[in-house]
Amino acid sequence: MAKLKLRFFPDPVLKKKAKKITTFDRSVRKLAQDMLDTMYVEDGVGLAAPQVGVSKRMMVIDVHAGTDEDPARPIVFINPEIVEAEGEMVGQEGCLSFPGVFFEVKRASKIVVKFQNLEGKEMRLECEDNLLCRAIQHEMDHLNGDLFVDKAASAIQRDLEMTKNGLMQGDLEELEQKYLAEGGTLKVRSRSSVEVSN
Ligand SMILES: [Zn+2]
């Protein structure tokens, strides 16, 4: 097992559009396995290749990671494409490249995704209203150099979380007041079950 080094915001590799994978050889299988090893060790439910410094269109997801529903059920997505998206859902999101930061992000509630598996075979997956649906959209953004901080449902909640975790300069007290004023709830700093990182 090989654990790869995570890249954290503001590492420039996170803003790059990743390249398509065209050969399905041993090195691709090794990257997938190393990414899964890294994701499990880091307690994430998803990981995209740019997050380990590899600008290629591969991402791994296991929404059962860290739950009682073991054994692991990983999915490796190569060259994924969302072919249908509809509806809307808002929910808490985290990212392994932004340790400790969690805020609400709006996503499509139903998607159909096309991708290739490790053998290069075309696959199709449909999901609706669940963590898998959210994780796929989050990881696909990574492949395009897009980050969840640009998709926050509330810019104030995001700034508050970024400031709290030392990723942004800001007046914490003022942000808390503003967030309460817009109807937000300040949370106690303990990891809740809805806080999973992608
Ligand atoms: Zn992420």
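A few comments on the model shown:
- 30 Å Cα-Cα threshold exceeded, pairs from K19/K164; K15/K114; K19/K151; K16/K110: K19/K164
- Backbone phi angles across region 78-94, fed through the Karplus curve with coefficients 6.51, -1.76 and 1.60 (θ = phi - 60°), yield HN-Hα couplings of 10, 6, x, 9, 8, 9, 9, 8, 8, x, 8, 9, 10, x, 5, 9, x Hz in residue order; Gly and Pro are listed as x.
- Relative contact order %, the chain, counting alpha carbon pairs below 8 Å whose residues are six or more apart: 22 percent
- Paired Rg and Dmax values of the chain, which use every Cα atom, in angstrom: 16.8, 54
- Separation of alpha-carbon centers, region 127-146 and region 55-99, rounded to whole Å: 6 Å
- Max mean-square fluctuation residue, GNM over the chain, Cα-Cα springs under 10 Å, options L186, L160, L147: L186
- Most mobile of P71, P99, P50 in a GNM of the chain (Cα contacts under 10 Å): P71
- Assigned charges on the beta-carbon of Lys, Arg, Asp, Glu; the chain dipole about Cα centre (debye): 940 debye
- For region 78-162, diffusion coefficient by Stokes-Einstein and Kirkwood Rh (Cα), 20 °C, 1.002 mPa s, µm²/s: 158 µm²/s
- Among G94, G166, G44, the largest mean-square fluctuation in a Gaussian network model of the chain (Cα springs under 10 Å) belongs to G166.
- Restriction of the trypsin sites (Lys or Arg not before Pro) in region 67-171 to DSSP coil positions whose beta-carbon has at most 15 other beta-carbons within 10 angstrom yields K121.
- A straight chain from M168 to E182 at 0.36 nm per residue would run longer than the Cα-Cα distance by 3.0 nm.
- Global geometry of region 1-106, whether rounded, prolate or oblate, following the gyration tensor of its Cα atoms and the 1.5 cut on a/c: rounded
- The magnitude of the dipole of region 85-198, with charges of +1 and -1 set on the Cβ of Lys/Arg and Asp/Glu and taken from the Cα centre, is near 260 debye.
- Proximal aspartates and glutamates relative to K30, as straight alpha-carbon distance under 14 Å, when same-chain residues fewer than 8 apart are discounted: E119
Taken together, the values in this text are just the output of simple stated rules run on the coordinates, not laboratory data. It should be emphasised that the depicted structure is a prediction, and the values quoted were computed from it without experimental measurement. No Cβ is skipped: glycine too gets one built from the backbone with ideal geometry, and neighbour counts run over all protein chains shown.
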